[in-house]
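**Q** I'd like to ask some things about the structure below.
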Amino acid sequence: MAIGSFFGWHREDLYPSQVGKNYALPKLIEPIAAHRNDFTIFSGLDHRASNGHHHWPNFLCGTAGDYSLDQMIADKIGQKSRFPSMQLAVGGVEDQGGVMSFTKQKIPLPMMRRPSVLYSQLFVSESDKDRTEYILRSGKSALDYVLADAKHLQNNVSKADRNKLEEYFHSLRSVEKRINQKIVSIDDVIAQTDYKLPELGKDAVSASLMLEAAPLMYDLMALAIETGSTRVITLMLGGLGSVFTINGETLKTGYHSLSHHGNDPDMIRDLLKIEYKLMTIFNDFLTQLKEKKDAYGNPLLDSTVVLLGTGMGDASRHANDNLPALVAGGGFAHGSHLSLDRDRYLLGDLYITLMDKMGVKVNSFSNASSSLNSVFV
């Protein structure tokens, strides 16, 4: 699973000063210190991508809008799950270029923002199941009519319009494929849970409620992995210009403004309060993955690769170089800070290694054609 912060992470308080295993804990790593032997911090990696918020999607794509890492994995190993992939967001920023996932055909995938909707998708009653089957079969029937009309239209338009229609066809085929897959699995046993969504925040879709929604999304992500409902999840951490109240203190200005701190110490201090809180929530998620067991009785974290990062290296400068990245779990040898030579390695090299660990063999990712297998195993 991949978790991305739209406004990045304050690198000076995330990257350790020392490399290797015996690094002193920087401020933003303190909340996850209990798991330091379960994650690795990477510095020096990026995609050589363009700067600016609208190029943030380079995080999982290499070049914003290209075939994303999560969808490459989902297309290979996600099809055996109820949900080939899940795209989630808290404090959504889609209108600012904050999209994480793109299909092979470069189609952006929408993100689910309501914890209550995700919960109902994961855990349905028998009556819900019957209603869902009716909707799915009705939807498939409607697609047949749409495809027939579109194919008829294809013979009467220009070449440019035919190319657009082909993109439309692919989108329809993709929807049809997902509907067919859900119809086939409609009679599968749906996992049940004792977990109950708290009223507070369960429909927290506004950016101002990001800190309330994030713990719920993390809870449901852990349950989705534990129940085998999906094998691929992305989570966008947005926030926009919201002014958060943390530990009873209302910050002086909004998250977006704080990310453009211009090295002002007071603004950095408040920015770190938000990022520290996000890391504290992330710590609880890692704890859940260690406590929950897979089918073999092993911690879920051992078999789950968790990537925490961003497409924004320094939001204060709108710079997308030296992207902070942290990898937890997945059976890797962890506990280190790896500061890598920017002239030798790309972030895509890390992604090739992550995919290799999951049995997805590729020779390249975006502009990267090597791997980190020699330094990260």
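The values are calculated or read from the model by the stated rules, or taken from the named source; none is laboratory data. Model, not experiment: these values are computed from the prediction. Glycine gets a Cβ as well: all are built from the backbone with ideal geometry, and neighbour counts include every protein chain shown.
**Q** Take the conditions part of a loop (DSSP other than H, G, I, E, B) and touching a helix residue (DSSP H, G or I) at 6+ places or on another chain (Cβ under 7 Å) and apply them to Gly297. Does it pass?
**A** no
**Q** For the range 237-280, which positions are in a loop (DSSP other than H, G, I, E, B), within 21 Å of Val99 (Cβ to Cβ) and hydrophobic (A, V, I, L, M, F, W, C)?
**A** Leu240
**Q** Among residues belonging to the range 340-354 that are outside any helix (DSSP H, G or I) and crowded, with 18+ Cβ neighbours inside 10 Å, point out the one that is nearest to the chain's Cα centre (by Cα).
**A** Only one residue fits best here, namely Leu346.
**Q** Can you tell me which residue among Pro26, Pro110 is in contact with a strand residue (DSSP E or B) (Cβ under 8 Å, 6 or more places away or on another chain) and surrounded by fewer than 21 Cβ atoms within 10 Å (Cβ to Cβ)?
**A** Pro110
**Q** Please verify whether Leu340 is within 26 Å of Val99 (Cα to Cα), modelled with pLDDT of 95 or more and touching a strand residue (DSSP E or B) at 6+ places or on another chain (Cβ under 8 Å), treating the condition exactly as stated.
**A** no
**Q** In addition: Looking at the range 242-256, can you tell me whether even one residue there is modelled with pLDDT of 80 or more and in contact with a Pro (Cβ under 9 Å, 6 or more places away or on another chain)?
**A** no
**Q** Which of the residues belonging to the range 78-105 are basic (Lys, Arg) and at pLDDT 90 or above?
**A** Lys104
**Q** Also: Take the residues in the range 300-337 that are assigned to a strand (DSSP E or B) and modelled with pLDDT under 95, then tell me which one is surrounded by the most Cβ atoms within 10 Å (Cβ to Cβ).
**A** So, considering only residues that are assigned to a strand (DSSP E or B) and modelled with pLDDT under 95, the one surrounded by the most Cβ atoms within 10 Å (Cβ to Cβ) is Asp314.
**Q** Can we say Gly311 is more than 16 Å from Gly4 (Cβ to Cβ) and small (Gly, Ala, Ser)?
**A** Answer is no for this residue.
**Q** Looking at Ala33, Ala49, Ala74, Ala89 in this structure, which one is in contact (Cβ under 8 Å) with a residue 24 or more places away in the chain and in a helix (DSSP H, G or I)?
**A** Ala74
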